[in-house]
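K.L.:
Input: one structure, supplied below.
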Amino acid sequence: MSDKTMTPEEVVGRLRSGMTIGIGGWGSRRKPMALVRALLRSEITDLTVISYGGPDVGLLAAAGRIRRLVAAFTTLDSIPLEPHFRAARERGAFAMTELDEAMFMWGLHAAANRLPFLPVRAGLGSDVMTVNPELRTVRSPYADDEGGYEEFAAVPALRMEAALVHVNRADRLGNGQYLGPDPYFDDLFCEAADTAYVSCERLVDGFGHDTVPQTLLIGRHCVTGVVETPNGAHFTSCVPDHDRDEPFQRMYATTPWSVFAERFLFGRSEDDYQRAVQAWHEEQR
């Protein structure tokens with residue numbers, strides 16, 4: 001067993017343009033924002049991004065880094081539609097595959113289990129099949145109680161070359177723990193990817209016998225690197241460590257992209273971002 005700790009810059013150094021990258025979290029909740037910001041400081045572009053989208057998608061879309069987005073939604077939660085994503089989508093900045101939430105989840109399951117697809121009932125009878133003409137259906141080989149053979153949507157595996165997720169605690173070996181109300185499928189993102197990078201609010205020496213097993217969401221077997229990034233999910237929530245920064249999120253949503261990026265994203269490091277956020281909050285007092 002080896003020490004897998006890395007910096008955000010070392011993680012990005014493992015990525016390249018044209019990759020398919022999964023980003024964990026859900027909407028504006030527990031997103032690996034420090035890793036996304038490090039990605040924005042690089043020259044990496046032409047990405048296929050797989051995400052239950054939030055500001056991670058908004059930032060990358062506004063910066064022109066996305067070639068294709070695979071998502072069930074892109075929201076800021078308290079703001080229903082991510083505005084920078086919407087602006088980029090309306091100007092045709094990238095292609096999009098939009099899936100039902102359950103279809104997206106089973107696509108992750110298929111990839112995590114190295115299956116080409118999984119059959120699901122979700123999506124049938126909806127416009128999901130219309131707006132995604134590449135989707136196929138499959139008929140069950142087993143008869144039901146009435147002698148019929150049910151038809152399902154065949155959801156393709158959402159395979160990724162790299163996954164980025166954020167948790168509350170992690171150890172140096174790659175085990176990750178969440179302490180909030182929901183796992184947000186981060187374990188599936190890690191297992192569905194060729195490589196997985198876990199950022200955390202705090203590194204710990206290990207998880208003792210008093211650790212609730214169900215909170216150990218991510219196992220070291222599927223983790224390539226671990227990054228300690230205090231407040232690294234900002235401005236999304238990472239409860240119980242911190243809530244969503246609603247004032248900052250509202251400012252983000254109503255500020256022209258170029259103005260926001262100039263002040264908060266053009267620094268040399270995550271520390272520069274955190275200092276800029278602190279300065280902004282002091283100005284609001």
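The values are calculated or read from the model by the stated rules, or taken from the named source; none is laboratory data. Predicted, not measured: the structure shown is a model, and the values here were computed from it. Backbone-built Cβ (ideal geometry, glycine too); neighbour counts: all protein chains shown.
K.L.:
Using the structure shown, decide if ALA71 is at negative phi and out of contact with any Ser or Thr (no Cβ under 6 Å at 6 or more places or on another chain). Please lay out each step first, then the result.
P.N.:
Details: at negative phi: yes; out of contact with any Ser or Thr (no Cβ under 6 Å at 6 or more places or on another chain): no.
No: the conditions fail for ALA71.
K.L.:
Here are some conditions: (1) crowded, with 18+ Cβ neighbours inside 10 Å; (2) free of Cβ contacts under 8 Å to residues at least 60 places away in the same chain; (3) not β-branched (Val, Ile, Thr). ARG67 meets all but one. Which one does it not meet?
P.N.:
(1)
Listed here are the residues, each with its yes/no results for (1) at pLDDT 95 or above; (2) farther than 27 Å from HIS234 by Cα; (3) of a type in the set (Val, Ile, Thr).
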residue: VAL138; (1), (2), (3): yes, yes, yes
residue: GLY176; (1), (2), (3): yes, no, no
residue: CYS190; (1), (2), (3): yes, no, no
residue: THR195; (1), (2), (3): yes, no, yes
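K.L.:
Quickly run through segment 270-285 and pick out the residues that are touching a residue at least 40 places away in the same chain (Cβ under 8 Å) and not acidic (Asp, Glu).
P.N.:
Start the filter on segment 270-285 by keeping residues that are touching a residue at least 40 places away in the same chain (Cβ under 8 Å), which leaves 270, 273-274, 277.
Of everything in segment 270-285, those that are touching a residue at least 40 places away in the same chain (Cβ under 8 Å) and not acidic (Asp, Glu) turn out to be TYR273, GLN274, VAL277.
K.L.:
Please list, ordered by first then second residue, the pairs with beta carbon atoms under 7 Å, 6 or more apart or interchain, first in segment 169-180 and among the acidic types (Asp, Glu), second surrounded by fewer than 24 Cβ atoms within 10 Å (Cβ to Cβ).
P.N.:
As it stands, the answer is ASP171/LEU203; ASP171/VAL204; ASP171/ASP205; ASP171/GLY206; ASP171/PHE207, since those pairs meet every condition given.
K.L.:
Among the residues of segment 230-245 satisfying the criterion of being under 12 Å from ASN168 (Cα atoms) and within 16 Å of the chain's Cα centre (by Cα), which is surrounded by the most Cβ atoms within 10 Å (Cβ to Cβ)? Walk me through how you get there before you give the answer.
P.N.:
First, pick out the residues of segment 230-245 that are under 12 Å from ASN168 (Cα atoms): 230-233, 237-242.
Imposing the further condition that a residue be within 16 Å of the chain's Cα centre (by Cα) reduces the set to 232-233, 237-238.
Details: GLY232: 26, ALA233: 28, SER237: 23, CYS238: 25.
Here the answer is ALA233.
K.L.:
Let me ask another. Taking the conditions exactly as written (of a type in the set (A, V, I, L, M) and surrounded by fewer than 19 Cβ atoms within 10 Å (Cβ to Cβ)), does VAL226 satisfy them or not?
P.N.:
Numbers: of a type in the set (A, V, I, L, M): yes; surrounded by fewer than 19 Cβ atoms within 10 Å (Cβ to Cβ): no.
So VAL226 fails the test.
K.L.:
Answer yes or no: is there a residue in segment 92-99 that is in the same structural domain as GLN214 (by TED's automatic domain parsing) and touching a Gly at 6+ places or on another chain (Cβ under 6 Å).
P.N.:
Among the residues of segment 92-99, not one is in the same structural domain as GLN214 (by TED's automatic domain parsing) and touching a Gly at 6+ places or on another chain (Cβ under 6 Å), which makes the answer no.
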